[in-house]
Amino acid sequence: MGKNIKNTSIQRKLMRVILVTCAVVLALMCGAYLVFEYFNSKDTIKNNVSTLGVVMASNSSAALAFDSPGDATEILEALKADEHIVAAALYDKNGQLFAKYPADIAANTLPAKPQATGYRFEGSYLVGYQPVVQQSVTMGTLFIQSDLEVMYGQINHLLLIGLLAMIGALIFAYLLSNILQKSISQPILDLETTVDIVSTEHDYSIRAVKTSNDEIGALTDAFNQMLTQIEQQNIAITNSEEASSKLAAIVESSYDAIISKTPQGIITSWNKSAERVLGYTAEEMIGKSILTIIPPDRQNEEPLIIKRLFSGERVENFDTLRLKKDGTLIDISLSISPIRDAKGNIIGFSKIARDITEKKQEEMRKNDFIAIVSHELKTPLTSVKSYIQVLLAIAKKEEATFSINALTRADIQIKKMTTMIQDFLNLARLEDGKMRLNMENFELHPFIEEIVNEAQFLATNHNILFNDCTGIFINADKEKIGQVLNNLLSNAIKYSPKGGNINISCSKIEGKVRIAVTDEGVGINKGDQKKLFDRFYRVKNEKVKTVSGFGIGLYLVSEIVRYHNSKIEVISTEDEGSTFYFDLDIKTK
Ligand code: ADP
């Protein structure tokens, strides 16, 4: 039954509730009325019969007084008028049966003796004993017995009316509830129809119609709100699906190899170009370790790159080598970006690997060219230099002032050219990975002194100062550190067009010596300071636009210093001057 109720529709449930309530209310009311009627009609019967008893007793008193049973029987016959009086009897004052009604009733069906005065219900009869009194003398007792047909008839009547009323009321309640319940069940049914349409057609743009402001209205609102949210989410999902399929198409059609991997180095995607550049298919590589394509001598780069990425740095145009499927090496330039989840945690890396084989070959050709040209220029230059020096010696001897001046200038230009060619040769060696250091122990002071003297010779407008470095020994490539200082000094001269002091200093700092070159020149702005040491980088500054150069001096300086396990640094303020410095280990002699 309970289960049945659970499974029936709300409409039926409501109908049942209304009808059952109605039936129970009516039944209770009818019941109460019946009980009331039952007691009421009992009282009425009792009153009627006792009135009749009193009348009959008073009528019978004479018959008893004159001891005339015939008269008594006749008097009792008057009871015929009331069909419900089923028996009556008159007892004399000794309690002996005197007369009976109906006359033919068997005496043994009547009480043998009169009992206590009064009227009471016995079974389905009302019996009464009424004393017959004449002038305060009790003459005898009247017995009277009535059936309860009147009462039963009334009750039956009532029951019938009740039943009819109940049927009528139920029919009425049924019709009424049919109309009223629509206001409850119809909105629910409407909601259900909307749910059906949404679930079968997956159309989240429709909305349920709100017809009331009650709980069902609130439910409709909540349902519509839910639909709006689903619709918005759907749009977002469709957009992101579109975006990711566009992205996938871009990745697939990219000319560069695009590979993604987990932070642990497991490959998760591999595009067509990765297949073309490295020879492995996506099926072969997805799920494999990235180390498969990293040559053993380059594997130490990987953790350093990951560390840089985790610290938020970008890794762009990182030139390295990768191992192809056929075992050959390929030059590539890597740009790596982290892949983050919604919370910003790094969950992988995306690598763009550009094949730079051709670029590398082109660079090598250029390098070879520079190396050959520089080398070929060196020999004639050395011979010119020695001729000039011989001529200068002769001119000095002859005290030919004009010749001395002209030859001195020529010597200065030869020196500049020699430094330039030396730079080119070093650049070519560096690019080919052929730069080697010839380490030796030497004392700084005489070394710097010689360089300063030569530089002073070139700088007519500037005053080159240096402090005493006596007793400080270092272990370094003397020629290359010489070139570093020459480059720094020649820059200090070049970029201080108004002249001024140039200071070269050495100071001891925690077992190291810091060598610094300071000028009072044009200075360098913050933005350019970061790029100064890049190959071929030159600052665009109006004040020194006529100063010529190739942008390789500081690149070489920084590389040579790096080869000595140190780093070149710059401090500079525009229009005030610059200081370039680096530290080297102090050696004991
Ligand atoms: P080059 O001097 O041949 O241009 P460098 O590599 O030696 O190349 O220097 C790069 C750039 O740095 C120069 O173009 C110049 O603008 C700037 N620079 C170098 N040294 C100084 C300096 N002492 N003061 C101001 N600018 C300098």
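Taking residues in segment 365-391 that are touching a residue at least 24 places away in the same chain (Cβ under 8 Å) and farther than 30 Å from Asn405 by Cβ, and partners anywhere that are surrounded by 14 or more Cβ atoms within 10 Å (Cβ to Cβ) and not hydrophobic (A, V, I, L, M, F, W, C), the pairs with Cβ atoms closer than 6 Å and at least 6 places apart or on different chains are Asn367/Glu431. There is at least one residue in segment 353-372 that is farther than 25 Å from Val277 by Cβ and among the β-branched types (Val, Ile, Thr). So for segment 240-251 (the condition being surrounded by 15 or more Cβ atoms within 10 Å (Cβ to Cβ), without any contact (Cβ under 8 Å) to a residue 24 or more places away in the chain and under 16 Å from Ser350 (Cβ atoms)), does at least one residue qualify? Yes, the conditions are met somewhere in segment 240-251. Identify all residues within segment 568-588 that are away from the ligand (no atom under 16 Å from the Cβ) and either open to solvent by less than 40 Å² (accessible area, probe 1.4 Å) or of a type outside the set (Val, Ile, Thr) (or both); write none if there are none. If the condition is that a residue be away from the ligand (no atom under 16 Å from the Cβ) and either open to solvent by less than 40 Å² (accessible area, probe 1.4 Å) or of a type outside the set (Val, Ile, Thr) (or both), then Asp583, Leu584, Asp585, Lys587 are the ones that fit.
Please return the ranges of strands (runs of 3 or more DSSP E) entirely within segment 415-507 where 1 or more residues are touching a Lys or Arg at 6+ places or on another chain (Cβ under 9 Å) and open to solvent by less than 40 Å² (accessible area, probe 1.4 Å).
Answer list for segment 415-507: 439-443, 473-477.
Of the strands (runs of 3 or more DSSP E) entirely within segment 69-170, those holding at least 1 residues that are aliphatic (A, V, I, L, M) and either in contact with a Ser or Thr (Cβ under 6 Å, 6 or more places away or on another chain) or surrounded by 13 or more Cβ atoms within 10 Å (Cβ to Cβ) (or both) occupy 85-92, 97-101, 125-134, 137-147. Taken over segment 520-550, the criterion of being in contact with a Leu (Cβ under 9 Å, 6 or more places away or on another chain) and at pLDDT 90 or above is satisfied by Ile524, Leu532, Phe533, Asp534, Tyr537, Val539. Looking at segment 542-562, can you tell me whether even one residue there is more than 10 Å from the ligand (Cβ to nearest atom), in contact with a helix residue (DSSP H, G or I) (Cβ under 6 Å, 6 or more places away or on another chain) and open to solvent by less than 80 Å² (accessible area, probe 1.4 Å)? There is at least one residue in segment 542-562 that is more than 10 Å from the ligand (Cβ to nearest atom), in contact with a helix residue (DSSP H, G or I) (Cβ under 6 Å, 6 or more places away or on another chain) and open to solvent by less than 80 Å² (accessible area, probe 1.4 Å). Restricted to segment 514-531, and to residues there that are more than 10 Å from the ligand (Cβ to nearest atom) and part of a helix (DSSP H, G or I), the residue that is farthest from the chain's Cα centre (by Cα) is Lys526. Of all the listed residues (Leu163, Leu176, Leu159), the sole one being farther than 30 Å from Asn234 by Cα and either under 53 Å from the mean Cα position of the chain (by Cα) or of a type in the set (Ser, Thr, Tyr) (or both) is Leu176.
Checked against the criterion of being open to solvent by 20 Å² or more (accessible area, probe 1.4 Å), in contact (Cβ under 8 Å) with a residue 24 or more places away in the chain and over 30 Å from His202 (Cα atoms), the candidates Thr262, Thr281 yield just one match: Thr262. Taken residue by residue, segment 314-333 has at least one member that is more than 24 Å from Glu284 (Cβ to Cβ), of a type in the set (A, V, I, L, M), at pLDDT below 90 and surrounded by 15 or more Cβ atoms within 10 Å (Cβ to Cβ).
The values are calculated or read from the model by the stated rules, or taken from the named source; none is laboratory data. Just so it is clear, the structure is predicted and the values come from calculations on it, not from any experiment. Cβ atoms come from the backbone with ideal geometry, glycine included; neighbour counts cover every protein chain shown. The protein model used for the area step is the full one, side chains on, heavy atoms only, and it has no ligands, DNA or RNA in it. Shrake-Rupley method; radii C 1.70, N 1.55, O 1.52, S 1.80 Å.
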